[in-house]
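Please treat every number below as a calculation from the coordinates, not as lab data. As the structure is a prediction and not an experimental result, all values here were calculated from the model. All Cβ positions, even for glycine, are placed from backbone atoms using ideal geometry, and neighbour counts span all protein chains on display.
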Amino acid sequence: MNKKKNMSIPISNRVSQMPKSAIHEMTRLSKEVDDVAFLSWAKPTSGTPEHITKAAIKAIEEGKTGGYSEPAGIYELREEIAKKLKEVNHIEASPEEIIVTVGAIEGLAAAVMAVIDPGDEVIIPTPGYSTHIGQIIMASGKPVCVPTIEEDGFSLDIQKINDAITEKTKAILFSDPNNPTGSVYSNEQLEAVAEIACKNNLIVITDEAYEYFTFDGYKHYSIASFPGMKDRVISAFTFTKTYAMTGWRIGYVHSSKELIPQIKKAHITFAICAPVISQYAVLEAIKSSQECVENFREHYKNARDLMCRRLDRLSHVFTYQTPKGSYLMFPKIKLEAGKDSLAFAKRLLKEARVSTTPGVAFKSESHVRMSFCVPEKIINKAFDRMEEYF
Ligand SMILES: Cc1ncc(COP(=O)(O)O)c(C=O)c1O
């Protein structure tokens with residue numbers, strides 16, 4: 001006998017609470033528009049450097065890629081990552097404190113699963129990356145959005161973060177350099193976050209996907225390198241942004257010897273291990289010259305400058321904070337119509353054939369996100385169209 005009265009398809013509360021992704025909605029709609037000028041993806045349009053793809057082909061030819069690796073990743077790769085963490089991020093790391101993951105995203109998902117219980121609160125400075133919010137919801141945690149200070153380049157509002165802490169607060173999660181704003185948190189700001197975390201016994205989860213892409217002398221700092229912080233920080237990094245390898249799905253997390261085995265339990269249930277072919281590809285990437293990364297950085301800086309110049313010509317429509325890092329920016333829409341950012345972005349797509357991402361995806365209306373990881377001719381095309389449209 002059927003004991004259930006309600007015969008609707010049984011979807012979990014966890015998933016049904018999750019808002020539909022405005023990013024993917026815009027991508028879907030963009031496909032319906034001819035010759036669209038695409039500024040809506042945080043995906044480099046340049047290809048993966050050849051020495052990396054060649055290493056992957058070699059690994060296939062040598063028969064290394066057909067089976068699983070250790071769940072935490074190939075040991076030699078973790079040794080190289082530990083060296084990089086020491087040299088670049090000033091984090092004293094050992095291979096045992098690293099898990100190679102399916103992009104930064106899977107590492108973050110595993111980290112959130114390892115530390116968040118149902119009902120736990122996680123502070124997210126906003127505008128913030130929509131996927132982080134989704135990950136907290138998937139763990140049945142509660143995202144607590146704390147606005148940043150837009151006029152000060154979307155810097156952290158330390159007082160507001162402090163005020164948002166309750167007995168249920170378990171962690172603070174942020175991306176730095178930031179998606180969607182392009183902000184880069186200063187040493188002083190991160191010191192203040194570290195102090196709050198220590199005082200309130202909080203975990204800090206960082207997404208450092210854009211660590212290499214900072215401009216104008218601004219520096220990226222890893223909070224795990226701050227005194228007393230290593231044991232309470234989980235840092236996620238990625239090869240996908242650094243080496244233009246988003247499709248290869250490969251990143252890593254670093255944390256303490258106590259936390260890593262717990263995160264690894266979640267990682268195994270999500271992925272078993274990161275794609276082995278990609279692990280061999282990034283082994284080459286990390287061991288070789290880093291000139292390609294410098295070239296990408298230079299390209300993004302020039303593209304950012306171009307986008308800012310073009311935005312200056314649309315000052316009746318947008319104001320903006322110059323991004324200090326990442327390859328994204330988050331202009332504010334001055335027009336009344338911008339209050340509903342999804343409707344604004346849809347109209348811009350349909351009527352001007354320019355694809356952007358609405359601010360609502362990042363918990364911030366009256367904004368759109370624009371990516372400058374595209375060829376300069378796409379930026380010009382998008383802004384020529386917007387100038388005509390507005
Ligand atoms: C802040 C941030 N973290 C992580 C990711 C995804 O990284 P990965 O490809 O390594 O999963 C993105 C992609 O847009 C991002 O913007």
Rounded to the nearest 0.05, what FRET efficiency do K377 and I149 have when you use their Cβ-Cβ distance and R0 = 41 Å?
-> 0.75
K339: which lysines have alpha carbons under 23 Å from its alpha carbon, excluding same-chain residues fewer than 8 sequence positions away?
-> K20, K350, K363
Base-10 log of normalised Debye intensity for the stretch 171-243 (one unit scatterer per alpha-carbon) at q = 0.14, 0.21, 0.27 Å⁻¹ = -0.41, -0.89, -1.33
List nothing, just return the count: lysine pairs in the stretch 68-195, 8 or more apart or interchain, with Cα separation under 18 Å.
-> 5
Pairs from K58/K287; K265/K287; K219/K257 whose Cα-Cα separation, in the structure shown, is over 19 Å | K265/K287; K219/K257
Neighbour-count ranking for Y68, Y300, Y75, Y212 (other C-beta within 10 angstrom, fewest to most) reads Y68, Y75, Y212, Y300
Rg/Rh for the chain, where both radii come from Cα atoms and Rh is the Kirkwood radius | 0.97
In nm, what is the difference between 0.36 nm times the number of residues separating E25 and K265 and their Cα-Cα distance?
-> 83.1 nm
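So which trypsin sites (Lys or Arg not before Pro) in the stretch 285-335 end up in coil per DSSP with only 15 or fewer other C-beta atoms within 10 Å?
Passing sites in the stretch 285-335 are R313, K334.
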Hey, what do the phi angles of the stretch 216-228 turn into as Karplus ³J(HN,Hα) couplings, whole Hz, using 6.51/-1.76/1.60 and θ = phi - 60°, x for Gly and Pro?
-> 6, x, 5, 10, 8, 10, 9, 5, 5, 8, 6, x, x
Which value in nm describes the separation of the simple spin-label points at S289 and K86, placed 7 Å from the Cα toward the beta carbon?
-> 2.5 nm
Work out how much length E32 to K160 would gain on full extension: take 0.36 nm times their residue separation and subtract the Cα-Cα distance, in nm to one decimal.
-> 41.9 nm
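What is the Cα convex hull volume of the stretch 1-125 when expressed per residue in Å³?
294 Å³
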Aspartates and glutamates whose Cα lies under 18 Å from that of K377, excluding same-chain neighbours fewer than 8 positions away | D34, D35, E298, D305, D312, E387, E388
Fewest-first ranking of R249, R347, using other Cβ atoms within 10 Å as the exposure measure | R347, R249
Which one of L335, L77, L349 has the biggest mean-square fluctuation once the chain is modelled by GNM with Cα springs under 10 Å?
-> L335
